[in-house]
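The values are calculated or read from the model by the stated rules, or taken from the named source; none is laboratory data. These numbers come from a predicted model, not from an experiment. All Cβ positions, glycine included, derive from the backbone under ideal geometry; neighbour counts span all protein chains shown. Surface areas here come from the heavy atoms of the whole protein model, side chains and all, with no ligands, DNA or RNA. Shrake-Rupley method; radii C 1.70, N 1.55, O 1.52, S 1.80 Å.
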Amino acid sequence: MSPYFDVSSNCKETIKRSSGRFISFIKHAFSLVRSSHLSLYSCKYSRRDYTQHQLLTIILFKEYRKEDYRTVICDLEEMDRVRETLGLTSVPHFTTLQKFLCRIKPIYLDILFKCTLKIFYSPDDIISITAIDSSGFTSGYCSHYFSERTGKIRKHFLKTSIVVDTTQQVITGFMISKSRVHDSQHAFTLLKKCHKLHKSVCYLMDKGYDSEKMHRFIRETLKADSIIPARSHNFSSNVLGKYRKEMTDNFDHSRYRKRFLVETKFSVLKRRFGADLKSRLFQIQKKEISCKIILANLDRFIQFIRIEVFYRAKNINQGLIENKKSRFN
């Protein structure tokens, strides 16, 4: 057997695996979009060439592959199985996707994000430990050469705060702002939203969130534990406030070690779906980040399914081996 045949067969297997991965994602994303309250068409005067469910799924597919509008449309023209799964008889123009993303209301993306939470939690579920942190998504549509030649700042970032369940590593809430605001301004709003959806027993934050007001809000209003290291950790006598002094005296290091999982989630979010934003308008950039966070939860659910299928197949194979051994004996 020639070595060229082995290379071609390996390439075919790789293509099959990648196409199967894309088909699996399209099926789950399309099912998730159809479970939301998004109507099929934007208005009764629509041409009805494509449904809003199809267009939103293609946009999620674009972010999943970290591509632009033109590239994802060119790829769809060659992906017969993906078009068949979406029920597309023709491929939309790339400007159709861009205009749809501008037109869709942010509330539908919020509803779609809540639909991802319904996959993991029931209404009465309580999260054991929740971690909060913030980071930035850069808007880098300006080239490095242009920034050096003009002396202008090349990139600015959109500050994004997320709330992560450390047990299942699911994003349970997020908030986006254009300007550089303090971490605590996002935290108070996020805590209220997330606590209404799913209560948590404990909240983990870094030193940037340290304040007596934050501790009091979590302990007295939300009736939960707060673990936030004090800024003056080595000088307990200089720490003011009842709860901040309690942090310095009885700090729970075992639970606080799980705070790194929210930083891990940010790393996964940027590596898997990109840290740079392709849009220029702030409202579209917010929608782009929302799509990335929806994809992070959806991708986590697909991982759970793969693990469950793997262990189920492993148990079945183990059972077949044991049956063969018993017959042989």
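Key figures
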| quantity | calculated |
| --- | --- |
| The listed residue being modelled with pLDDT of 85 or more and out of contact with any Pro (no Cβ under 7 Å at 6 or more places or on another chain), out of F273, F328 | F273 |
| The listed residue being closer than 16 Å to S128 by Cα and not small (G, A, S), out of L190, L204, L240 | L204 |
| Filtered residues of the stretch 156-182 (kept if more than 25 Å from M247 (Cβ to Cβ) and open to solvent by 10 Å² or more (accessible area, probe 1.4 Å)) | H156, F157, K159, Q168, Q169, F174, I176, S177, K178, S179, R180 |
| K223 over 30 Å from D68 (Cβ atoms), open to solvent by 40 Å² or more (accessible area, probe 1.4 Å), part of a loop (DSSP other than H, G, I, E, B) and without any contact (Cβ under 8 Å) to a residue 24 or more places away in the chain | yes |
| Number of positions in the stretch 183-216 that are touching a helix residue (DSSP H, G or I) at 6+ places or on another chain (Cβ under 8 Å), open to solvent by 30 Å² or more (accessible area, probe 1.4 Å), within 19 Å of Y243 (Cβ to Cβ) and not charged (D, E, K, R) | 2 |
| Hits in the stretch 46-103 (condition: in a helix (DSSP H, G or I) and among the basic types (K, R)) | K62, R65, R70, R81, R83, K99, R103 |
| R300 at pLDDT 85 or above, surrounded by 17 or more Cβ atoms within 10 Å (Cβ to Cβ) and over 17 Å from the mean Cα position of the chain (by Cα) | no |
